[in-house]
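Trainee: Before I ask anything, let me first share the structure, which is written out below as structure tokens.
Values quoted throughout were computed directly from the atomic coordinates according to the rules given, and no laboratory measurement underlies them. The structure presented is a predicted model; accordingly, all values stated were derived computationally and were not measured. Because the Cβ atoms are built from the backbone with ideal geometry, glycine has one as well, and the counts that use them run over all protein chains shown.
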Amino acid sequence: MGIGAPKSITKCRRFFLEPSVPRQRQYEALRAYFVEGRPSKQVAAEFGYSPGTFRVLCHQFRRDPDPSFFLSPRRGPRADSRKATARDRIVALRKQNHSVYEISQILKESNIRLSPTAVRQILKEEGFAPLPRRMDEERPQYPRPTIEPMADVRAFSLAPRSFATRFGGLFLFVPELVQLDIDRLARSARLPGSRMIPAGHALRASLSLKLWSLERKSHIMSLVSDEGIALFSWLNCTPKKSYLSEYSSRINGEKTLRLLALWHDQLHGENLFPANSFDLDFHSVPYYGEHPVIERHYVSARSRRQPSILVFLAHDADGRAFCYSNADIRKGEEAEEIFRFISFWKKTHGELPRHLVFDSRLTTLANLARLDQMGITFITLRRRSASLLEEISGLPPSAWRRVKLDVPTRKYRAPRVYEQKVAIHGKHFRQLCVQDLGHDQPTILLTNDSRSAPKLLTRYAQRMLIENAISDAVRFFHMDALSSAVGLKIDFDMALLVIASGLYRRLAYRMRGYRDAQARHIFRDLIDTPANVEVTDTQVIVSFHRRAHLPIILASELVEKPFPVPWWEGRSLLLTTYSTTPPALGELSSVEIQASPALYP
């Protein structure tokens, strides 16, 4: 006769054979491995361990001198030995009027790590009330942040002095800003300003962040004590992050558009925008946060839709600079943005854009007919629908002709082309189906351009320039790191990006070998240069330190030629190398010191 019912026996057997408590499961698994001698992988699979985890469990068990599987843990809160050890000392330090932060630091120096929260808890248990808030002069002496003055043009001084700055390369843009009359640009655009920081000074201060590749406005706080960037902005010190962040909130879309129009007017007669052909594209600036106004757009870097600001960009193909931007776009307005750019260019330059290149998602097929009616030449891709791909696959081999692309560096230089006329919304366009370009599916071009097929393929391939320019803007101008979710603030930041990219292109034309270089390459070699600045009664002398690419700067027309700067009270700017008096050792890197053994023996 059994000692229990069959059901109860089965339940008891299951308790041993199917352990659910973690410690019991470890015990049964280890017993099966060490006592029964079963294979490790089999035991791990049976008891729900991965093979690696079970090997670690066996390793720890071999080195445990006293394994305790069935000892019950002590219940109740466990006392922290560090608190018990330091309790008397904490009370004694509080009686000396030390704050919880000071007590935590003193204990840390004695190798007792207790957070200010833990110290506060002990003092509360001992009956101590919080200390009243003390003035700065009543606190113990320890390193504190320096208090920098407020930016105020009325406190700006050009008294004779000399100082070192890490923003030496920023002064290479001063001749360009003088030539383009940046103060008139700010006044005509009706940008906001005040008696402390007029509009031109605010624009120069905001522009300096883009030119120096600062990722966030808050990063300026580590540079506010540098006199060089303040002198560039014509202020006693550079504005703080709060001003720079709030300033863009006061600029609406109308002022941003007027600023871009005046920027083009200032460049009249220059070769920055030849306007022979433009590349157009959208870019989504991602936003990580919660905001009711932000819409979801496709972010290519993430391959998904997420909250973001949609930005339209126009890029001059020959000048290799952005010429237009707009971040004030809502869903449903994307297809019409191309006509806003055309209207902007017609109003600014008095003529329509001659040639546009864009992808299939920029606008609709109906708008292509409108472009053709306006007399604007374009090249775009056509979306590969299933019916279109089926039609192309059914073409006989004799329908294709092979062309040769005059691009020596291209891998696929002899693609096959099939050309036909297609009617779209009452207009006839050329449709080119191209194979053997290195893609699995054919490329389908739609255009009203009458040039030969090889020239059309070569020109559309050059559309990669705007992809590279956007990549450079993301990496150097930090286009994806805009800290505001408000569209109008991003719109002004994008206008600054257009101006900054133009200034970099103009500077690249002056530097031999850098005409086609990207902004981050120019910054790394030429702009990121420390210097000594000497202010005299007649000049502001910027002496560059010795660097590998300094001869490129010396070979340009900017060096050793005094250039009058109107906003420096009649003084001129002189760019040169540093004189016989070398900079202090702390201002140079070890490489620069080793390169000048005569100056630093």
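Trainee: If packing is taken as the average count of other Cβ atoms within 10 Å, what order do 448-461, 153-166 fall into, highest mean first? Display every interim value, and only then the final one.
Mentor: Working: 448-461: 16.3, 153-166: 13.5.
Result, highest mean Cβ count within 10 Å first: 448-461, 153-166.
Trainee: Which length gain, in nm to one decimal place, applies between residue 46 and residue 301 when the Cα-Cα distance is subtracted from 0.36 nm times their residue separation?
Mentor: Once the chain is fully extended between residue 46 and residue 301, it gains 87.5 nm.
Trainee: Still on this model: Return the lysines within reach of residue 41: Cα separation strictly under 29 angstrom, same-chain partners fewer than 8 residues apart disregarded; answer none if there are no such residues.
Mentor: Straight-distance partners of residue 41: 11.
Trainee: How do the peptides 53-61, 431-439 rank, highest first, by the average count of neighbouring beta carbon atoms within 10 Å per residue?
Mentor: On the way: 53-61: 14.3, 431-439: 17.0.
Per-residue mean Cβ counts within 10 Å order the peptides as 431-439, 53-61.
Trainee: May I ask for the net charge around residue 188, where only other residues with Cβ less than 12 Å from the Cβ of residue 188 are counted and Lys, Arg are +1 while Asp, Glu are -1? Let's see the in-between values first.
Mentor: Values: positive: 184, 187, 190, 255, 258; negative: 181, 183, 265.
That works out to +2.
Trainee: Another one. Between residue 114 and residues 5 or more places away or on another chain, which pairs have amide H atoms under 5 Å apart, with H built 1.01 Å from N, and which residues are they?
Mentor: Amide H to amide H, under 5 Å and 5 or more residues apart or across chains, residue 114 pairs with 108.
Trainee: If you don't mind, another one. Between residue 336 and residue 521, 0.36 nm times their residue separation minus their Cα-Cα distance comes to what?
Mentor: Answer, rounded to one decimal: 63.1 nm.
Trainee: Please check which bits of the stretch 130-161 a label hung off residue 225 would reach, taking the label as a point 7 Å along Cα-to-C-beta and the cut-off as backbone N under 18 Å.
Mentor: Residues 141-151 qualify, since their backbone N sits under 18 Å from the label point.
Trainee: Then there's this: Using Cα positions and a limit of under 14 Å, work out the aspartates and glutamates in reach of residue 124, with same-chain residues fewer than 8 apart set aside.
Mentor: Here the aspartates and glutamates satisfying the reach criterion relative to residue 124 are 88.
Trainee: Can you give the charge dipole size of the stretch 360-462 about its Cα centre, rounded to the nearest 20 debye, using +1 on the beta carbon of Lys and Arg and -1 on the beta carbon of Asp and Glu?
Mentor: So the dipole magnitude of the stretch 360-462 works out to roughly 280 debye.
Trainee: Under a 5 Å amide H to amide H cut-off, with H placed in plane at 1.01 Å, what residues pair with residue 326 once short-range neighbours are removed?
Mentor: Amide H neighbours of residue 326: 312.
Trainee: Separate question: Assuming R0 = 60 Å, can you tell me the calculated FRET efficiency for the pair residue 25 and residue 441, based on Cβ-Cβ distance, to the nearest 0.05? Walk me through the numbers on the way to the answer.
Mentor: On the way: r = 54 Å, r/R0 = 0.90.
Given R0 = 60 Å and the Cβ-Cβ separation, E is 0.65.
Trainee: Quickly estimate the mean residue ellipticity at 222 nm for the chain, helices only: each DSSP H run with n ≥ 4 gives -39500 (n - 2.57), and the total goes over all residues, rounded to 500.
Mentor: Counting only the DSSP helices, I get -11000 deg cm²/dmol.
Trainee: For the residue pair residue 276 and residue 293, what label-to-label distance in nm results when each label sits 7 Å from Cα along the Cα-to-beta-carbon direction?
Mentor: Simple spin-label model gives 4.2 nm for this pair.
Trainee: Let me ask something else. Excluding residues fewer than 8 places away in the same chain, name every one of the lysines whose C-alpha is closer than 28 Å to that of residue 421.
Mentor: List returned: 404, 455.
Trainee: Chymotrypsin sites (Phe, Trp or Tyr not before Pro), restricted to the stretch 329-427: which are DSSP loop and have at most 15 other Cβ atoms within 10 Å?
Mentor: Loop-located and lightly packed - 412.
Trainee: Take residue 387 and residue 421, extend 7 Å from each Cα along the Cα→Cβ direction, and tell me the distance between the two endpoints in nm.
Mentor: 2.1
Trainee: Mind ordering 567-573, 474-480 by average Cβ neighbours within 10 Å, highest first? Please report the intermediate quantities before stating the final value.
Mentor: On the way: 567-573: 15.7, 474-480: 19.4.
Ranking the peptides 567-573, 474-480 by packing returns 474-480, 567-573.
Trainee: For residue 152 and residue 559, what is the calculated FRET efficiency with R₀ set at 35 Å and r taken between the beta-carbons, to the nearest 0.05?
Mentor: With R0 = 35 Å, the Cβ-Cβ based efficiency is 0.60.
Trainee: Additional query: For the stretch 97-236, report the % of Cα-Cα distances exceeding 24 Å. Could you put the intermediate results ahead of the total?
Mentor: Details: 5128 of 9730 pairs.
Distances greater than 24 Å cover 53 percent of the Cα pairs.
Trainee: So, one more: How much length, in nm to one decimal, is gained on full extension between residue 62 and residue 163, taken as 0.36 nm per residue of separation minus their Cα-Cα distance?
Mentor: Gain in length upon complete extension: 29.7 nm.
Trainee: For a Förster distance of 41 Å, can you work out the FRET efficiency between the beta-carbons of residue 53 and residue 475, rounded to the nearest 0.05?
Mentor: About 0.50, to the nearest 0.05.
Trainee: Compute the semi-axes of the equivalent ellipsoid of the chain, taking the square root of 5 times each eigenvalue of the Cα gyration tensor, and list them largest first in whole Å.
Mentor: The three semi-axes for the chain are 57, 46, 25 Å.
Trainee: With label points built 7 Å along Cα→Cβ from the Cα atoms of residue 136 and residue 451, find their separation and express it in nm.
Mentor: Using points 7 Å along Cα→Cβ, the separation is 6.3 nm.
Trainee: Continuing with this model, one more query. Over 20 Å between Cα atoms: which of 217/240; 210/241; 346/489; 331/427; 347/427 fall into that group?
Mentor: With Cα atoms farther than 20 Å apart: 346/489; 331/427; 347/427.
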